[in-house]
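Read through the structure below, which is laid out as structure tokens, and then see the notes.
The values are calculated or read from the model by the stated rules, or taken from the named source; none is laboratory data. All values reported here derive from a predicted model rather than from experimental measurement. Note: ideal-geometry Cβ built from the backbone for every residue, glycine included; neighbour counts use all protein chains shown.
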Amino acid sequence: MQFPRFNAVLAAALLACSAAAHAHNYHMGMADISFNPNTGNTEIVHTYTAHDVESLLMNLYQRQFDLGLEEDQAVFRRYLEKQFTLTASGKRLPIQWVGMTANADNVTVYQEIEKTALPAGAVLRNNVLTDFLPTQINTVNVDRQGASRAAQTLVFKLPQTEQVLP
């Protein structure tokens, strides 16, 4: 008589596993670009889903990565610097790496362009993770004045991975 109860528990467990497997169907990244009037720097903060970043790196290099280690962070840094670029008047702006944090849920990257405000007509190329996940959507909030009420939002997804900043 315990078989029906066992079957119910097994069915519930399978349902929970199935829901977890389908829970991550939406791939997104978020970046905030803002001018800091106190430092004169343009600051960039990216946030990506840790699972997506780890899957990308595993796919590229066929090994596990620990994004808490500097040498593994350097691998992601090289990738990000190829996929996320800003240009003005045909020249690439010097985006400097400030640092990175990673936890079980998110990878957050901090960058800046020292003593530079974004010039008019700057072009952003944001192809982060779209080369690996075709459904990846990257949202970028751009705040030129350092006041969030003036921010504008751009969305990058295949095939549109390059836009002129507002």
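Data table
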| quantity | calculated |
| --- | --- |
| Condition met for Ala120 (of a type in the set (Gly, Ala, Ser) and in contact with a Leu (Cβ under 9 Å, 6 or more places away or on another chain)) | yes |
| Residues being exposed (fewer than 12 other Cβ atoms within 10 Å of the Cβ) and on the phi < 0 side of the Ramachandran plot - total across region 106-118 | 1 |
| Residue in region 83-93 that is of a type in the set (Gly, Ala, Ser), out of contact with any Gly (no Cβ under 8 Å at 6 or more places or on another chain) and within 19 Å of Glu162 (Cα to Cα) present | yes |
| Residue that is crowded, with 16+ Cβ neighbours inside 10 Å, closer than 20 Å to Asn126 by Cα and either touching a Phe, Trp or Tyr at 6+ places or on another chain (Cβ under 7 Å) or modelled with pLDDT under 95 (or both), where the choices are Leu93, Leu56 | Leu56 |
| Scope region 143-157; condition modelled with pLDDT of 95 or more and either assigned to a loop (DSSP other than H, G, I, E, B) or touching a Lys or Arg at 6+ places or on another chain (Cβ under 6 Å) (or both); matching residues | none |
| Selection count, region 59-78, where residues are surrounded by fewer than 18 Cβ atoms within 10 Å (Cβ to Cβ) and among the aromatic types (Phe, Trp, Tyr) | 1 |
| Flag for Thr153 being among the hydroxyl-bearing types (Ser, Thr, Tyr), within 24 Å of Asn38 (Cα to Cα) and either without any contact (Cβ under 8 Å) to a residue 24 or more places away in the chain or out of contact with any strand residue (DSSP E or B) (no Cβ under 6 Å at 6 or more places or on another chain) (or both) | yes |
| Boolean, Leu129 is touching a His at 6+ places or on another chain (Cβ under 7 Å), modelled with pLDDT of 95 or more, outside any strand (DSSP E or B) and not β-branched (Val, Ile, Thr) | yes |
| Among the residues listed as Phe76, Phe35, the single one being at pLDDT 95 or above, touching a Leu at 6+ places or on another chain (Cβ under 8 Å) and not hydroxyl-bearing (Ser, Thr, Tyr) | Phe76 |
| Breaking point among (1) free of Cβ contacts under 8 Å to residues at least 12 places away in the same chain; (2) within 18 Å of Thr161 (Cβ to Cβ); (3) touching a helix residue (DSSP H, G or I) at 6+ places or on another chain (Cβ under 7 Å), for Val53 | (1) |
